[in-house]
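Single-structure report; data block below.
Read-outs throughout are calculated quantities, based only on the coordinates presented, and are distinct from any laboratory measurement. These numbers were taken from a predicted model, which means no experiment stands behind them. Methodologically, a virtual Cβ is constructed for each residue, glycine included, from the backbone with ideal geometry; neighbour enumeration extends over all protein chains shown.
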Amino acid sequence: MVMKIRKVKSRIKLALSCIIALACVVGIGVSAYEIIRWKIDSERTKIQESEIKVVAKIDEKDDDDKTEVVKQKKPDPKTGPYWDYIKMKLIDVDFDELRKRNPDTVSWISVSGSNINYPVVQSTNNDFYLNHTFDRSYNEAGWVFADFRNRVDGSDKNMIFYAHGRIDGTMFGTLRNVLTNGWLSNQNNFTVRTSNEHENALWQVFSVYHIPTTSDYIQTDFATSDEFETFIKNLINRSAFNFRTNIDGTDHILTLSTCYSETERVVLHAKLIKRSAKE
């Protein structure tokens, strides 16, 4: 009887060992598949970037009679970086060729001190471009896209752009690391330039933070300027760095949001400081 019990236990141990070994093999196989798929998506994204660089027509424009420096309720100190920022040239993008490749193209974004320099697309929802690239083919790397609720004409108080924080630095991959890679040590980085069909614009960063996933910073409509001012005060209080940017309820802001992990986000906010209407 004792021998039989020992044999049964031995068989059970052997079966468990086989199950564990099989699970390990399956796990390794799945991991290998995910790594290969990630690399394929990454390569396809880089091909898209190269093709876009060939067809994109981007110029820097000097200020002219259409350029408007946005008025501030509280003037910045004359020695502050704001006065250097508003001297920056705007970018002007011709969207004809980009729209031929993807009619969803609505804007272009360039963030100083980062790899972010992309056309921005917009769908009828916030899901499609999470796993489709600029040519609308399936790709887990996704693309930079505007919130579907936004009017991309400069009228919304909070314009929101999303993209994945890719570890290879594509999409918003360099945004996810701005709190740790020295980006905050250089005030020349604190500007964002955009261009769309209606206008070219310059934005000054006023908040950046790392936060558990929440939707309270992606509000697009506000009933009053007081409600909006309360909203932006909350964004400023969250910031991991004091940008000393003057901002109030009359301003317009740009929000960039990216994934840090499955449950965390890195978010950057900037306010409009200069714009130039297009013909």
Subject >> Relative contact order (%) - criterion: Cα under 8 Å, at least six apart; region: the stretch 27-185 >> reply: 17 percent
**OP:** At 0.36 nm per residue, minus the direct Cα-Cα distance, what do residue 79 and residue 250 gain on full extension? Give it in nm, one decimal, please.
**Re:** 59.2 nm
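Could you list, in their original order, any pairs among 57/271; 46/157; 71/278; 39/271 whose Cα atoms are separated by more than 30 Å?
Long pairs (Cα-Cα over 30 Å): 46/157; 39/271.
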**OP:** Could you state the angle between the C-alpha long axis of helix 2-55 and the longest principal axis of the C-alpha atoms of the chain, as a value from 0 to 90 degrees rounded to the nearest 10?
**Re:** 30 degrees
Original post:
Can you give the relative contact order of the chain as a percent, counting alpha carbon pairs under 8 Å and 6+ residues apart?
Top reply: 19 percent
Original post:
Which longest uninterrupted range of the chain lacks any trypsin sites (Lys or Arg not before Pro) assigned by DSSP to a loop state (not H, G, I, E or B) and surrounded by at most 16 other Cβ atoms within 10 Å?
Top reply: 152-243
Original post:
In sequence order, what are the phi-derived ³J(HN,Hα) couplings for the stretch 230-237 according to the Karplus relation 6.51 cos²θ - 1.76 cosθ + 1.60 with θ = phi - 60°, rounded to whole Hz, with x for glycine and proline?
Top reply: 4, 4, 6, 4, 5, 5, 5, 5
**OP:** Treat the count of other C-beta atoms within 10 Å as a stand-in for reagent exposure and order 214, 250, 170 from fewest to most.
**Re:** 214, 250, 170
Original post:
Roughly what % of Cα-Cα distances in the chain sit above 36 Å, to the whole percent?
Top reply: 24 percent
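Once the cut-off is 27 Å, how many percent of the Cα-Cα pairs in the stretch 50-193 end up in the long-distance tail? Could you put the intermediate results ahead of the total?
Values: 2853 of 10296 pairs.
When all Cα pairs of the stretch 50-193 are counted, 28 percent exceed 27 Å.
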**OP:** Could you calculate the contour length gain from residue 168 to residue 137, that is, 0.36 nm times the residue separation minus the distance between their Cα atoms, to one decimal place in nm?
**Re:** 9.2 nm
Original post:
Residue by residue, what Karplus-based ³J(HN,Hα) values in Hz, rounded to whole numbers, does the stretch 164-179 have, using 6.51, -1.76 and 1.60 with θ = phi - 60° and x for Gly and Pro?
Top reply: 5, x, 5, 6, 8, x, 7, 6, 9, x, 7, 5, 5, 10, 5, 7
